[in-house]
Amino acid sequence: MISVEGLVKRFGAVVAVDGLSFTARPGMVTGFLGPNGAGKTTTLRSLLGLVRPTEGRALINGRAYAELERPAAVVGAALEATGFHPGRSARDHLRVTCMSANLPGERVDAVLEMTGLTEDADRRVGTYSLGMRQRLALATAVLGEPPVLILDEPANGLDPAGIHWLRAMLRHLADGGCTVLVSSHVLSEVEQIADHVVIIAHGRVVRDAPLAELVGEESELRVRVAEPIERTGRAEAAEQAEGLAMPEHAELAGAVEEAAALAGVLEAAGGTVRREADVLWVTGMDAADVGRAALEARIALSELVRERSGLEKVFLDLTMRELER
Ligand SMILES: Nc1ncnc2c1ncn2[C@@H]1O[C@H](COP(=O)(O)OP(=O)(O)OP(=O)(O)O)[C@@H](O)[C@H]1O
């Protein structure tokens, strides 16, 4: 369990974290999101005892990092995948870490296997790609089988297969009861990995909610109106043969007209409608009501789809709102 309580960190005049409170629970991957400079790294460093809070507390299992008896057995962290000795192999790096943390040597092979590094374990880390260094950072973090994991941008440098692998690994650890806190500013990654999301901006929480709630809200229905039957085929062919001018969307003229009519019907039924040619974007109504309204108005549809708003949109809305304050 991770609990951040009223955390404030000032670096001189810079307020990096400004009264932040949230918890990350066991059995869950918590995504920690925010734009550049929002205070994510400072918060993670406070949790790991690398930054002294100006006010408030950053606790792991109810204790400050400095008070943990065997920190390596309680919390694993991967902050930056740059701190490795370039002349050392991954295996040697893990062995040294094991010895200094008083962990059993068998863990080295286990974590190499877990992170897919076995084949490259005896190569010098200086020859590793960014993605391989990320894997080594994760291998180091899980060496002590800690119940709490803190990862700063772990997907950075991973290819799509690597992200897939990372997700599977974090899911497996969370399912085993681990508390996993993962920072990122790449939203699509968090959307794939996290169960719960804490979004911060300017060192303050702007949203703390389950992922499903965030991506599900403010979703829109996309409604595409079909060309009315009487316009398709002969009538259209005749118009074209006569060489009539083709205004914008002329090939959809009937559908565009019908879409305008349907927009009126849906607005009268309480929906909010945005229209683009033959497509309507509807909020405030469910799909069944839109379908029924179209049927009653004798307007044929070619599409009726609920589109998720996407974490990206929610994130941008929330952070822009915060930045405008
Ligand atoms: N040691 C420091 N001295 C002075 N200012 C600092 C220090 N560390 C961080 N800051 C400032 O605190 C603010 C928050 O930085 P932080 O690195 O925590 O943000 P972040 O959310 O991790 O950003 P990014 O996504 O860019 O990594 C920034 O304005 C940064 O310049």
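Rounded to the nearest 500, what is the 222 nm mean residue ellipticity of the chain from helices alone, with -39500 (n - 2.57) per DSSP H run of 4+ residues and division by all residues?
-11000 deg cm²/dmol
Calculate the length of the line joining the C-alpha centroid of the range 160-186 to that of the range 114-130, in whole Å.
20
Exactly which trypsin sites (Lys or Arg not before Pro) in the range 38-105 are in a DSSP loop and have at most 15 other Cβ atoms within 10 Å?
Within the range 38-105, the qualifying trypsin sites (Lys or Arg not before Pro) (loop, at most 15 other Cβ atoms within 10 Å) are R88.
Can you give the local net charge around P104? Use residues other than it whose beta-carbon is closer than 12 angstrom to its beta-carbon, Lys and Arg +1, Asp and Glu -1.
On the way: positive: R95, R107; negative: E106, D109, E145.
The answer is -1.
Working out 0.36 nm times the residue gap between A269 and D92, then minus their Cα-Cα distance, what length gain in nm do you get to one decimal?
56.9 nm
For the chain, what log10 I(q)/I(0) values come out of the Debye formula at q = 0.09, 0.10, 0.13 1/Å, with one point per alpha carbon and no solvent?
At q = 0.09, 0.10, 0.13 Å⁻¹ the computed log10 ratios are -0.62, -0.70, -0.93.
How high is the FRET efficiency between R224 and V186 when r is their beta carbon distance and R₀ equals 30 Å, given to the nearest 0.05?
Once the sixth-power term is evaluated, E becomes 0.45.
Determine the shape class of the range 91-190: with a ≥ b ≥ c the square roots of the Cα gyration tensor eigenvalues, call it rounded for a/c under 1.5, and otherwise prolate if a/b is greater than b/c, oblate otherwise.
The shape class here is oblate.
Using a 10 angstrom Cβ neighbour count of at most 15 plus a DSSP loop assignment to flag exposed GluC sites (Glu not before Pro), which longest range of the chain is free of such sites?
Result, exposed sites excluded: 107-216.
If R₀ is 56 angstrom, what is the calculated FRET efficiency for the pair E67 and E307, using the beta carbon separation as r and rounding to 0.05?
On the way: r = 48 Å, r/R0 = 0.86.
Efficiency computed from Cβ-Cβ geometry: 0.70.
Okay, which of the range 121-136 sit inside 20 Å, backbone N to the point 7 Å along the Cα-Cβ direction of A168?
The answer is 121, 131-136, whose backbone nitrogens lie closer than 20 Å to the label point.
Which whole-number percent is the relative contact order of the chain (Cα, under 8 Å, 6+ apart)?
On the way: 604 pairs, mean separation 65.7, N = 325.
Taking the mean separation of contacting Cα pairs over the length of the chain, I get 20 percent.
Every read-out reported here was derived from the displayed coordinates using simple, explicitly stated rules and does not represent laboratory data. These numbers come from a predicted model, not from an experiment. Here the Cβ is made from the backbone with ideal geometry for all residues, glycine too, and neighbour counts use every protein chain on show.
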